[in-house]
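Take a look at the structure set out below.
Any read-out appearing in this document is the output of simple, stated calculations on the displayed coordinates, not a laboratory observation. Owing to the predicted nature of the structure, the values given are computational and were not obtained by experimental measurement. Note that each Cβ is placed from the backbone with ideal geometry, even for glycine, and that neighbours are counted across all protein chains shown.
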Amino acid sequence: MKDNFKDIMQEFQFVTDIRTAFDDFLTLTLCAFGQIPGAGKSYDEDLYLQTIGKYKKDKAQHLFPKLLACLTNEMTERIGSDTGWDVLGEFYEANCTLKGLSQFFTPWPICQFMARSSVETARESRKNEDKPLRILDPACGSGRTLMAASRVAGPTHEYYAIDIDHTCAKMTTLNLFLSGIFKSETMCANALLPEDFRVSYRASFVPFGVFRIQEKEKSSLWNNLKHLDEARKVPKQRPPDLNPNKYPEGSQMTFF
Ligand SMILES: C[S@@+](CC[C@H](N)C(=O)[O-])C[C@H]1O[C@@H](n2cnc3c(N)ncnc32)[C@H](O)[C@@H]1O
């Protein structure tokens, strides 16, 4: 029988807890996609070695490349299908969610519906502008809403995401990259706190790959949101509730 992502993940139950294995898979894969050209190693080599070093060579290390192969095959088989291709998000929802953070992801048909209506509205209101759309999901989960938006808007636009949970930020980064979206940034931050920043991941075509950003000043998403806040004169110490000024075009996906 053909290997699949879910079954290989289950093999980790004899090694560590599933959430840790899932998070380590994301870390290793993102490090592997950040190769220094010609050097045969990652910009994040130390993080890669530290993460893979937790697993025994003969027992579990070989499972990670198998997982990536299964993931890309399953996503490719499902791309454009009625059920979507969020293989990572479906696994995470069933096995790894942190209930205290309301980690329930939007069903695929609703993502498609929101994508069609929001992208159309944004296109209409910006029809005289010759700039790519900048599409943001400020509580992105697995990035499913943006994956659906990319099918409607296309890969030439810019896709931005925020999640307070680092595993979700990494999952969205990988989901967008494997969906062929090479102009994206996913930030791990509390979207309700102005200027909060923990870490961010930028995907690009040239240079090709995914790159971890550890300083907020180097993050275009953080800088863009900071300028938006300044332009709207949002007070620095805002109570932690949803701010309609910051995300004016809807609670789920917004355009800026
Ligand atoms: C209901 S899910 C929505 C996921 C995604 N937008 C979708 O449609 O499937 C909520 C996500 O918001 C994240 N979250 C909760 N509070 C947050 C905050 N203050 N800032 C950023 N992300 C937050 C959670 O970690 C979770 O992944």
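Filter the cross-link list Lys2/Lys66; Lys127/Lys216; Lys131/Lys216; Lys66/Lys216; Lys6/Lys59 down to pairs whose alpha-carbon distance in this structure exceeds 22 Å. Numbers along the way, then the final one.
Details: Lys2/Lys66 12 Å; Lys127/Lys216 32 Å; Lys131/Lys216 25 Å; Lys66/Lys216 34 Å; Lys6/Lys59 18 Å.
Too far apart for the 22 Å limit: Lys127/Lys216; Lys131/Lys216; Lys66/Lys216.
On the first, second and third principal axes, largest extent first, how far apart are the outermost C-alpha atoms of segment 58-144 in Å?
59, 31, 24
Can you give the charge dipole size of the chain about its Cα centre, rounded to the nearest 20 debye, using +1 on the beta carbon of Lys and Arg and -1 on the beta carbon of Asp and Glu? Before the final figure, lay out the partial values.
On the way: 32 positive and 33 negative charges, 70 e Å.
For the chain, the charge dipole is close to 340 debye.
Per residue of segment 73-87, in order, report the coupling 6.51 cos²θ - 1.76 cosθ + 1.60 (Karplus, θ = phi - 60°) as ³J(HN,Hα) in whole Hz, putting x for Gly and Pro.
Here the 3J(HN,Hα) series is 4, 5, 5, 4, 4, 9, 4, x, 7, 5, 9, x, 10, 8, 4 Hz.
Report for the chain the percent antiparallel among DSSP-assigned beta bridges with both residues inside it, nearest 5. Before the final figure, lay out the partial values.
Details: 14 of 23 bridges.
Approximately 60 percent, going by the DSSP bridge assignments.
Apply the Kirkwood formula to the chain: the hydrodynamic radius equals the inverse of the mean of 1/r over all pairs of different alpha-carbon atoms; give it in Å with one decimal.
Numbers: mean 1/r = 0.0527 Å⁻¹.
That comes to 19.0 Å for the chain.
Enter the angle in degrees (range 0 to 90, nearest 10) between the Cα long axis of helix 166-178 and the first principal axis of the Cα atoms of the chain, meaning the one along which they spread out most.
For 166-178 against the chain, the angle is about 90 degrees.
I need two numbers for segment 1-145: Rg to one decimal and Dmax as a whole number, Cα atoms only, in Å.
For segment 1-145, the Cα radius of gyration and maximum Cα-Cα distance read 18.4, 59 Å.
In percent, what relative contact order does segment 5-95 have, based on Cα pairs under 8 Å that are 6 or more apart in sequence?
Numbers: 62 pairs, mean separation 24.7, N = 91.
After rounding, I find 27 percent.
Give the residue list of chymotrypsin sites (Phe, Trp or Tyr not before Pro) in segment 153-232 that are DSSP loop and have at most 14 other beta-carbon atoms within 10 angstrom.
Numbers: sites: Tyr159, Tyr160, Phe177, Phe182, Phe197, Tyr201, Phe205, Phe208, Phe211, Trp222; in loops: Phe182, Phe197, Phe205, Phe208.
Sparse-neighbourhood loop chymotrypsin sites (Phe, Trp or Tyr not before Pro): Phe205, Phe208.
Pairing the Cα long axis of helix 108-125 with the longest principal axis of the chain, what angle in degrees results, from 0 to 90 and rounded to the nearest 10?
Approximately 40 degrees, to the nearest ten.
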